[in-house]
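Okay, structure first, notes after.
Values in this text are rule-based calculations from the coordinates and carry no lab data. If you're wondering where the values come from, they're calculated on a predicted model, not measured in any experiment. Here the Cβ is made from the backbone with ideal geometry for all residues, glycine too, and neighbour counts use every protein chain on show.
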């Protein structure tokens, strides 16, 4: 009887071959790696080898070359088989003298036909490619559920304090804070940092005639992009500005002063869009179509708000300037729920506890925070403490310090993950970057 060496890491497949009808005409031996093939070739002395292309330890083409270059194995038949049945592999196998290239999966009876052809002297490689494409469902190619492309959150700016640029800031970007919320025919913008400029260039004002801008507060990094927002120069557009009630002047008064001729060539009253200013108050939600914005006072100098965005059945917390647990430098796990520091922040913890995703700053590392208490921004560990008691499952960090390069932000991300792990807090965290989009 003829001897056939079956070389494949799939032991179940080899068992099917050995037990198939017609097996009584052959003597089979198995090998499961490239080196084992070479060992069995000398011991078993087969007449034909069935060889898988991607055997462990040695590629099938390399084995084929060794077989064809050894005079001892002259006349030995080789059937090469693989799921990696690309035309390049086919041509390489034919060039090295394969007797047949058999794409996987295959029917076992067909392999026995190839055995018979070889021993009859009629086995030759066939042209590459199946006679017909594989059968598919009537529905054609798989396509996942299609999400709405007009419903999303998009970060147009993720820096705090001042914009930055240069090769060290290409991954996360350098524009100051601006978030777009789009849902169907409604658009809401949170903050007007320098990121609002590229956003303005993308807005089709023939579609969006009314644009709502919510300001968390009026510090420069949150308003300095406003004069460069294209829609404010379109007479057919209405821009509604929502902002907290300040300690000194109204937002309209501040914008009027910011746009004095000494600072900018176009005054507020000369802007062609219809501008209006509305007050935002803690605990008073505002609905814009199917988008609802809740507000809560943040821990930051001046009248500052953080937000909770309800849209498309989900809730997103958003706080760019919020110094949680002022002056605390300890381990997040060291404070129990009834600790006075936690109790004093319970209102804002409850505010964020219903969020599916929390977008919250963590501008300083624990070491940096030791010298920046009272600046109005959280340390990573204190923001982690908020996530712990708000039971946050997804956290996106924004309002990055302008001094932190891409490399340093990646280090901060790792540090944040280490703190979460050390505190046994089950929360997925990532860093926001300019033009990051969350499909709703």
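Assorted remarks:
- For the chain, the relative contact order comes to 11 percent (Cα pairs under 8 Å, sequence separation of at least 6).
- Fully extended contour minus Cα-Cα distance, from residue 68 to residue 162, at 0.36 nm per residue: 27.0 nm
- Across all directions, the average flat footprint of the convex hull enclosing the Cα atoms of region 197-298 is 6.9 nm².
- In the chain, helical runs assigned H by DSSP with n ≥ 4 each contribute -39500 (n - 2.57); averaged across all residues and rounded to the nearest 500, the mean residue ellipticity at 222 nm is -7000 deg cm²/dmol.
- Burial ordering of 371, 40, fewest other beta-carbon atoms within 10 Å first: 371, 40
- Three principal axis extents describe the C-alpha atoms of the chain; from largest down they are 101, 55, 39 Å.
- The order of 392, 170, 158, going from fewest to most other C-beta atoms within 10 Å of their C-beta, is 170, 392, 158.
- Principal-axis tilt of helix 108-120 within the chain, Cα atoms, nearest 10 degrees: 40
- For region 230-309, share of DSSP beta bridges that run antiparallel, in % to the nearest 5: 55
- Relative contact order computed over region 2-120 (Cα-Cα under 8 Å; 6+ residues apart), in percent: 24
- Isotropically averaged projected area of region 2-120, using the convex hull of Cα atoms (one quarter of hull area), nm²: 6.6
- Antiparallel %, DSSP beta bridges [both residues in region 136-295], to 5: 45
- Degrees separating the helix 380-390 axis from the principal Cα axis of the chain, which is the longest one: 90
- Cα-based helix-to-principal-axis angle, 406-422 vs the chain, degrees rounded to 10: 80
- Among beta bridges that DSSP assigns inside the chain, antiparallel share in %, nearest 5: 35
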